[in-house]
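Enquirer: Okay, handing you the structure first.
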Amino acid sequence: MSPPLGGAQACAYLVEMPDGTVESYRFSIQAPAGIEAMWRSQTAAERGEVVAGLWDQAYVAKQFMASGLSLAAVKRNDLAIEVTGERKDVLLAIAKLAISRLR
């Protein structure tokens, strides 16, 4: 088996919503350099909305070339996470849970 591209580790979550529908969310953990480089190349509007309280820096924005949203958070010189999916509240819940367990 080959190592993950860029050293990232990822998993997917299927979340059953109160109305019975199921949504897919993707979570990845990686070195922060890739996310930080992406942010440096983006305008403030492209980076999206600042999310306070998730490590050193975090944004939620519309995914590039895909439907849904992306939430990325960086703990400088340590880790970065990215969560993608349809609903901001679910992205935040997954990110907060992951960060609480990665401390």
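All of the numbers you see were taken from the coordinates with simple rules; none came from a lab. Just so you know, these numbers come straight off a predicted model, no measurement behind them.
Enquirer: Out of residues 5 or more away from G68 or on other chains, whose amide H comes under 5 Å of its own, with H placed 1.01 Å from N in the peptide plane?
Expert: Amide H to amide H, under 5 Å and 5 or more residues apart or across chains, G68 pairs with Q63.
Enquirer: For R87 and A45, calculate 0.36 nm times their separation in residues minus their Cα-Cα distance, and state this gained length in nm to one decimal.
Expert: The span from R87 to A45 would gain 13.2 nm if fully extended.
Enquirer: OK, next. Which of G53, G68, G20 moves most in a GNM of the chain, Cα contacts under 10 Å?
Expert: Looking only at G53, G68, G20, the biggest GNM fluctuation is shown by G20.
Enquirer: Something else now. Calculate one ³J(HN,Hα) per residue across the range 79-86 by plugging θ = phi - 60° into the Karplus curve 6.51 cos²θ - 1.76 cosθ + 1.60, and present them in order as whole Hz with x for glycine and proline.
Expert: Using θ = phi - 60°, the values come out as 9, 9, 10, 9, 10, 10, x, 8 Hz.
Enquirer: Here is a further query. Taking only C-alpha pairs under 8 Å that are 6+ residues apart, what is the relative contact order of the range 5-102 in percent?
Expert: Over the range 5-102, the number comes to 24 percent.
Enquirer: Write down Rg/Rh for the range 55-98, rounded to two decimals, with Rg from the C-alpha atoms and Rh from the Kirkwood relation over Cα pairs.
Expert: 0.97
Enquirer: Output ³J(HN,Hα) for the range 23-37: one whole-Hz value per residue in order, computed from phi by the Karplus curve 6.51 cos²θ - 1.76 cosθ + 1.60 with θ = phi - 60°, and x for Gly and Pro.
Expert: Karplus-based 3J(HN,Hα) across the range 23-37 equals 10, 9, 10, 10, 10, 9, 10, 7, 5, x, 4, x, 5, 4, 5 Hz.
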